[in-house]
Amino acid sequence: MPGLEDLYREIILDHYRTPRNRGELDPPAIKAEGHNPLCGDEITVYLSISGEGDEAVLDDIKIGGQGCSISQSSASMMTQSMKGKTVAENRALARRFKSLMGIEGIEPQAGDDAIDLGDLEALEGVMKFPVRIKCAVLSWNTFLQAVDTGGGTTSTE
Amino acid sequence: MTFDQTAVRKDFPILWREIDDKPLVYLDSGNTSQKPQRVIDAMSHFQEHTYAPINRSSYRLAGEATDAYEKGRVAVARLINAPSVDEVVFTKNATEAMNLIAQAWGRANLGEGDVVVLTEMEHHANIVPWLMLVQERKIQIRWVPLTADGQLDLTNLDNLLDGAKVFSFTAMSNVLGTITPIAMLCERAKAAGALSIVDACQFVPHNVTDVQSWGADLVAFSSHKMCGPSGIGMLWGRMEILDAMPPFLGGGNMIDTVTFDSFTTAPVPMKFEAGTPPIIEAVGLAAAVEYLEEIGMANIRQHEMELSRYTLDTLKGRFGDDITIYGPDDVQLRGGVFSFAFRDLHPHDVSQVLDERNVCVRAGHHCAKPLMKTLGVGATTRASIYLYNDTADIDALADGLENASDIFGL
């Protein structure tokens, strides 16, 4: 069995203990909910976006809900990486991260390989614990749900 | 000790297994139980010597196979003190038995505005089949609330049962461990003119069961939680109720005759056993029942009460206010499932750290999301014991929790 140190790296525990960008945003911010029916984890992503289309900018992002250290730290790191970037850049980041997690069916686009995941690379160890991959991608799918449909609910199943 | 615990442990080959050179600490029997060698052997032997279709072919081998299948029914009837073997219906699992009740009895007897009473500690298997009838038939559900220590709050029960058609409740909560006052609840249902349905999945594997003394109308439970194979569940019901119910699934085995226009049904229990049933599983189940009977259900209950006391005392003694164990503290009122919150750690993380020491527990909502809402949590960690567990397993759990604290620096 891979060691727990592969999973619970210090940077992950730091984001878990001190999550960044926790809270809510009032309307007209976009709100989307994601849940994992297997474990009952629920996450809410709030997005404040200015502009139109892919070049719209993510001015603010907040995370609500509850979850394990992996889902919470992934969400926290996601907000840090996404804030201030365009929707197109953040979609690319989500593609890159989901590829890192071994999610199938992601079609990489030109330039994806050059994206620097920064702290998020620490979640690479999750790959050795397949049951936990859903935890790591929950917030990302919820983000995509928000920008694709303007809100609603998504599920890991 | 009420039986030779060391010998019992040896009966379960999977418990000899080591992962990473460490022994397996299986504390997830509330989820599903492990199988003794005797059950494994019975199923293998049956397939090597006796396997054939049941109830339909006239050669001798098929007769032997039919007899072996029916021995499973006899064993189950004996285990729960059913007045008649024919009142035991085999299903795919207990969930299917609950759906059978809701669909077959419910469709014949429930319409718009009819009331079904459930409790807040039910498993989804005793919730969703009724919610399906809320959607299809506009029935209403009333909920029996819980006390602070996780027992049923029966203060208002007569009002809740007033005018109700059904009272369906668990005999033992799969989350809280709470054992409900089954006979009294059946009596109150009867007094109110409601059908009593008991979800006995967690109860039957661990206790002496007597459906006659309960006075229940319908009871559902499963094989895989009582040392038997997965793939077979049981519905017991009073014959007059089963007899009056329409069939659930249609097909072979459940008919008396079929024409181009219509059909008539076989008598109970075959009426509810459409298609080829779990034949090999019924043989394994018979072996499991015989195994449990040899040890003695009262002895198993005694062992689990002692180990439950040890579990509660160990966890509360070592972790004090850092652990919240849900459900009653009195082991007379509970079985050996222990759902808990540990410090601020998420159950997934607790389970992950325990897994490094081969301690197998369940983390999540335990198919009881409404109960999680009542408890005010999203998920819990749950350790559950059976006859093969001992104090060393509980010590391993407690040591693992200590380790979880260290890793997360809490």
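The values are calculated or read from the model by the stated rules, or taken from the named source; none is laboratory data. Since this is a predicted model, take the numbers as computed values, not measurements. FYI the Cβ positions are ideal-geometry reconstructions off the backbone, even for glycines, and counts take in every protein chain you see. The protein model used for the area step is the full one, side chains on, heavy atoms only, and it has no ligands, DNA or RNA in it. Shrake-Rupley method; radii C 1.70, N 1.55, O 1.52, S 1.80 Å.
Mind listing which chymotrypsin sites (Phe, Trp or Tyr not before Pro) in segment B:14-83 are in a DSSP loop and have 11 or fewer other Cβ atoms within 10 Å?
Details: sites: B:16, B:26, B:46, B:51, B:59, B:69; in loops: B:51, B:59.
For chymotrypsin sites (Phe, Trp or Tyr not before Pro) across segment B:14-83 that sit outside H, G, I, E and B with at most 11 neighbouring Cβ atoms in 10 Å, the list reads B:59.
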Hits among lysines - C-alpha to C-alpha of residue B:190 under 16 Å, sequence gap 8 or more where chains match: B:165
Residues in segment B:344-365 occluded by at least 40 Å² - accessible area, probe radius 1.4 Å, against chain by itself: B:346, B:348, B:349, B:352, B:356, B:365
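Heavy atoms only, probe 1.4 Å: what % of the accessible area of segment B:366-410 goes to carbon and sulfur, would you let me know? Mind showing how you got there, number by number?
On the way: 710 of 1340 Å².
Looking at segment B:366-410 in its full context, I get 53 percent from C and S.
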Rotationally averaged projected area of chain A (alpha carbon convex hull; nm²): 8.8 nm²
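Magnitude of the Cβ-charge dipole of chain A, K/R +1 and D/E -1, about the Cα centre, nearest 20 debye? The partial results should precede the final answer.
Values: 15 positive and 25 negative charges, 74 e Å.
Here the size comes out at about 360 debye.
Would you mind counting up the charge near residue B:267? Only other residues with Cβ under 9 Å from its Cβ, with Lys and Arg at +1 and Asp and Glu at -1.
Values: positive: B:271; negative: B:86, B:243, B:256.
Around residue B:267, the surrounding residues sum to -2.
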For segment B:171-214, alpha-carbon Rg over 2.2 N^0.38 Å: 1.16
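Mind grabbing the interface size between A and B? I mean buried accessible area, both sides, 1.4 Å probe, in Å² to the nearest hundred. Display every interim value, and only then the final one.
On the way: alone 7740 and 16740 Å², together 22880 Å².
What A and B bury together is about 1600 Å².
Going by the alpha-carbon gyration tensor, a ≥ b ≥ c the square roots of its eigenvalues, is chain B rounded (a/c under 1.5) or, if a/c is not under 1.5, prolate (a/b greater than b/c) versus oblate?
On the way: a/c = 2.05, a/b = 1.26, b/c = 1.63.
Judged from the Cα gyration tensor, chain B comes out oblate (a/c at least 1.5, b/c at or above a/b).
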Cross-link partners of residue B:71 among lysines (Cα-Cα below 29 Å; sequence separation of 8 or more within a chain): B:10, B:35, B:92, B:225, B:271
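Once every DSSP H run of n ≥ 4 in chain B is given -39500 (n - 2.57) and the sum is divided by its residues, what mean residue ellipticity at 222 nm do you get, rounded to the nearest 500 deg cm²/dmol?
Working: 15 runs with 159 residues, N = 410.
After summing the helix terms and dividing by the residues of chain B, the value is -11500 deg cm²/dmol.
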Per residue accessible area of chain B, 1.4 Å probe, in Å²: 39 Å²
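Excluding residue B:128 itself, what net charge comes from residues whose Cβ is under 14 Å from its Cβ, given Lys and Arg +1 and Asp and Glu -1?
Values: positive: B:369; negative: B:96, B:122, B:136, B:199.
Local charge sum for residue B:128: -3.
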At least 18 Å along the helix axis (C-alpha) and Kyte average at least -1.0, DSSP helices within chain B: B:60-79, B:279-295, B:297-319, B:391-408
Calculated diffusion of segment B:176-327, Stokes-Einstein form, Kirkwood radius summed over Cα pairs, 25 °C and 0.890 mPa s, µm²/s: 133 µm²/s
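Looking at segment B:41-95 from every direction and averaging, what is the projected area of its Cα convex hull in nm²? Walk me through the intermediate numbers first.
Numbers: hull surface 18.9 nm².
Average of the hull's projected areas for segment B:41-95 equals 4.7 nm².
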Length-normalised contact order for chain A - Cα pairs under 8 Å, 6+ apart - percent: 31 percent
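Where nothing but the Cβ of Lys and Arg (+1) and of Asp and Glu (-1) is charged, how large is the charge dipole of the protein assembly as shown around its Cα centre, in debye to the nearest 20? Each step should come with its number before you reach the end.
Working: 48 positive and 78 negative charges, 180 e Å.
Dipole of the protein assembly as shown, to the nearest 20 debye: 860 debye.
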Average Cα contact separation per residue, segment B:41-293, under 8 Å, 6 or more apart, as relative contact order %: 25 percent
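Please give the per residue volume of the convex hull enclosing the alpha carbon atoms of the protein assembly as shown, rounded to a whole number of Å³.
Values: hull volume 109.2 nm³, N = 567.
For the protein assembly as shown, the hull spanned by Cα atoms encloses 193 Å³ per residue.
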Chain A - percent of accessible surface contributed by carbon and sulfur, probe 1.4 Å: 48 percent
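Are there trypsin sites (Lys or Arg not before Pro) in segment B:22-103 that DSSP marks as loop and that have at most 15 other Cβ atoms within 10 Å, and which are they? Each step should come with its number before you reach the end.
Values: sites: B:38, B:56, B:60, B:71, B:73, B:78, B:92; in loops: B:56, B:92.
Passing both the DSSP loop test and the Cβ count: B:56.
Looking at segment A:4-149 only, what percent of DSSP beta bridges run antiparallel? Nearest 5 please. Don't jump to the answer; show the numbers that get you there.
On the way: 17 of 18 bridges.
Around 95 percent antiparallel, to the nearest 5.
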Rounded to 5, percent antiparallel among DSSP beta bridges of chain B: 60 percent
Listed residue (B:156, B:177, B:58) projecting farthest to the positive dipole end of segment B:41-293, Cβ model: B:58
